[in-house]
Amino acid sequence: MAIKTEPITINMGPQHPSTHGVFRLRVTFDGEVVVDVEPVFGYLHRGTEKLAEERTYVQIVTLTDRLDYTASMSNNLAYVRSVEKLGGIEVPERAQYLRVICAELQRIASHFVSIGFMLQELGAFGTPLMYCFRERERILDLFEMLCGARITLSYMRPGGLIQDAPEDFWPALGILMESMPEYIDDLEGLVTSNEIVLARTRDVGIISPELAVNGSVTGPMLRASGVQWDLRKANPYEVYDRLEFDVPIGYQGDTYDRYLVRVQEMRESVRIIEQCIKQIPGGAIQSEAPFFVRPPVGDVYDAIEAPKGELGFYLVSDGGISPYRCKIRAPSFINLTVLRDMLVGWKLADLVVIFGSTDVVLGEVDR
Amino acid sequence: MYGLGMVRGMGVTFKNLVLPSRQFAVQYPNRKISLFELAKENDTDVVSFAINNPVQAIKALAGFVEVPVRLPQHSRFRGEEFTWYEQRCTGCASCAKFCPLGIIKIVTDTSGKYEQDGGKYDIEVFDIDIGRCMFCGLCVQACPYDALHMGSGFEEGVYRRDDLVIDVERLKAAPKKPSTWYRPQIESQNFDPQSDDMREYLDVGRHERPSQDQQVDRWAKR
Ligand code: SF4
Ligand code: SF4
């Protein structure tokens, strides 16, 4: 006997413990099954792109910290690379290596946050998250050595870095990189073969490769679907062409693969940093770029592989000390284009987990 | 076999429970200390300490004696309570101009009453509204005379927003504990803002102080 049901629409968010920030999902359920999803965002809109139009090029670096606040270094890097391309500013080699080290450290930290919160939403309340945060804390300690801050770093400047690493940074980095594989093993021992995690994440929230490519999905989400696309390989910036690393990809594109790809990427990042420590030359860390950068008239787009995907800045210069237009291509925002296709057909409990596995950061979505 | 993954997970938990290298918890801001530690801090042994300070000893046994703990902090830590040297500051307001938020307010007296001493302006207002500050450090980077430095504290709790505005009197009176962020000349002196105090304004500059002869050479023989 079939029970007659009616679809019901409920709001998840904006104040909901599992939406990673102020994000609202208007979900229509039939019983327990999702039939329609409509994301509503803008609650965290701070007008970053507009604010950038009235700041100087160096001052905008502080704005970029606040886009994806779990990966400030990568945001800094993407922005200063655009300015350098626009103004034709050279960067010394030592600065390039240090930037790669910073970006990879940040990738590890950001993936820790993303994995921790995904497990938190699975119901593993607290414990795996605390394991992840414990290791992330050590990376933040390194950032504190470099630039005095832990989250809002503002470490990079057009033309290099603000300051060279202190002497005690290198031994500390070496110790961390030695112990990091063991910590990742710990995390994997907790999670990877856990039956509950497997039952809840395998074959859940599948993105097919075609859908991922058509939806402009980038980053670990795209690679989990089996598409080999990484800007570090496809368009090597900084010194990535001199470093040896693999790009892990998944088979299925389900939630579990997205987790696995992130774990493997952390291992690859450790490999990259170890090579950088060996190869880094001496010398200056800042080229002679003025405080008031005045790029020639023109426009430029430059993108890097941030922890969440392709993070790009489109800058238009009118020859003044601040950009005429600054457009940010935020990976979290564009990865949400496939949200509906991922969620429809799954149950309410899966919705939270699938949404968590997209690694969305609302600071970047709303800008 | 079903359940093996969970056993593995429990193994990791147990490893982290017992291995001393995995213990990271810090009791902040105060830490309870035992009678042994208390006696050690007073440079005596337990017995004589207990005889001389019976009340303290009983308190320690009951777990009521606490000592403050400071977390390890790098000297580059960009903190609150800006350090400012009035002897170095010329009132040029570069810091105010470079601040992305425009929260530094500087008023200088241009009446010329100090013209005899080399035309130095008198700084009447120097307000930093750290309630809106994001501690980006651009003002410190901009200061051409190394007068302004980031502070090193982080425990600024007040009841009113107005109390977060640091004015010139407070800047003058504040303990001089500059952070070494963007100040390699302080970092090279192995200065630790947590334990030391940098009172001497001549030490924080990035330039050598010119000697009398050099000044005469530069300014008088033209
Ligand atoms: S630290 Fe940044 S926000 Fe704060 S006063 Fe200085 S320039 Fe302004
Ligand atoms: S603190 Fe530095 S930048 Fe600010 S007014 Fe004084 S000398 Fe000028």
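Computed from the coordinates by the stated procedures, all read-outs in this text should not be read as laboratory data. Computed from a predicted structure; not experimentally measured. No Cβ is skipped: glycine too gets one built from the backbone with ideal geometry, and neighbour counts run over all protein chains shown.
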Efficiency of FRET between B:Lys172 and B:Asn53 - r from beta-carbon atoms, R0 41 angstrom, step 0.05: 0.50
Contact order relative to length of chain A, as percent, for alpha carbon pairs under 8 angstrom and 6 or more apart: 27
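Over all distinct alpha-carbon pairs, what is the Kirkwood Rh of region A:151-228 in angstrom? Write out the running numbers ahead of the final one.
Working: mean 1/r = 0.0590 Å⁻¹.
Final number for the Kirkwood radius of region A:151-228 is 16.9 Å.
When only C-alpha pairs under 8 Å and at least 6 residues apart count, what is the relative contact order of region B:24-71, in percent? Mind dumping the intermediate values first?
On the way: 46 pairs, mean separation 27.1, N = 48.
It rounds to 57 percent for region B:24-71.
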Mean-position separation - Cα centroids, region A:243-294 and region A:67-101, in angstrom: 13
Chain A: angle of helix A:348-357 to the longest principal axis, Cα-based, in degrees nearest 10: 10
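What number, in percent, do you get for the relative contact order of chain B if the mean sequence gap of Cα pairs under 8 Å and at least 6 apart is divided by its residue count? If you can, show how the numbers build up before the last one.
On the way: 279 pairs, mean separation 42.6, N = 222.
Normalised by residue count, the contact order of chain B is 19 percent.
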Overall dimensions of the protein assembly as shown by Cα: Rg and Dmax, Å: 27.4, 108
Rounded tilt (10° steps) of B:4-18 against the dominant C-alpha axis of chain B: 70
Whole-Hz couplings from phi, Karplus 6.51/-1.76/1.60, listed for region A:104-118; x for Gly and Pro: 6, 4, 5, 5, 4, 4, 5, 5, 4, 4, 5, 5, x, 6, 5
With Cα atoms, 0 to 90° folded angle of helix A:169-191 axis to chain A main axis: 10
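Within a Cβ distance under 9 Å of A:Asp254, other residues only, what is the Lys/Arg minus Asp/Glu net charge?
Within the 9 Å Cβ shell, the charges total 0.
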Filtered GluC sites (Glu not before Pro), region B:125-216: DSSP coil and at most 14 other beta carbons within 10 Å: B:Glu155, B:Glu156, B:Glu200, B:Glu208
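Taking beta carbons within 10 Å but only from partner chains, what does the mean come to for residues A:145-151? Walk me through the intermediate numbers first.
On the way: counts 4, 3, 7, 16, 10, 2, 0.
Rounded to a whole number, the mean comes out at 6.
Net charge near A:Val217, counting Lys/Arg +1 and Asp/Glu -1 over other residues with Cβ under 12 Å of its Cβ? It would help to have the intermediate numbers written out before the result.
Values: positive: A:Arg223, A:Arg258, A:Lys308; negative: A:Glu210, A:Glu310, A:Asp341, A:Asp359.
Neighbour charge sum, excluding A:Val217 itself: -1.
If one computes P(r) from the Cα atoms of region B:24-71, what percent of pairs lie at distances over 16 Å?
Numbers: 429 of 1128 pairs.
The share of Cα pairs beyond 16 Å in region B:24-71 comes to 38 percent.
For region B:132-222, what number results from the quotient of the Cα radius of gyration and 2.2 N^0.38 Å?
Working: Rg = 16.5 Å, N = 91, 2.2 N^0.38 = 12.2 Å.
Compactness ratio reported: 1.35.
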Cα pair distances in region A:243-367, grouped into 10 Å bins until the bin that holds the longest one, percent each: 10, 26, 29, 23, 10, 2
Unit Cα scatterers, Debye sum, chain B: log10 I(q)/I(0) for q = 0.10, 0.11, 0.12, 0.18 Å⁻¹: -0.70, -0.78, -0.85, -1.27
Calculated over region B:79-187: convex hull of Cα atoms, volume per residue (Å³): 104
Partner chain coverage, peptide A:129-141 - average Cβ within 10 angstrom: 1
Distance between region B:140-180 and region B:1-28 - C-alpha centres, whole angstrom: 43
Phi-based couplings in Hz for region A:33-39 (Karplus 6.51, -1.76, 1.60; Gly and Pro marked x): 9, 6, 10, 8, 9, 10, x
Helical mean residue ellipticity (222 nm; -39500 (n - 2.57) per DSSP H run of 4+; nearest 500) of the protein assembly as shown: -12000 deg cm²/dmol
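Determine the shielding of peptide A:181-190 by partner chains: average, over its residues, the number of Cβ atoms on other chains within 10 angstrom of each Cβ.
Working: counts 0, 0, 1, 0, 1, 7, 1, 2, 8, 9.
Other-chain Cβ atoms within 10 Å of each residue's Cβ, averaged: 3.
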Percent breakdown of C-alpha pair distances by 20 Å bin, ordered from the shortest bin, for region A:58-361: 34, 56, 9
³J(HN,Hα), Karplus 6.51/-1.76/1.60, whole Hz, each residue of region B:86-97, x for Gly, Pro: 5, 5, 8, 6, 9, x, 6, 6, 4, 4, 5, 6
C-alpha center-to-center spacing [region A:303-324, region A:147-209] in angstrom: 25
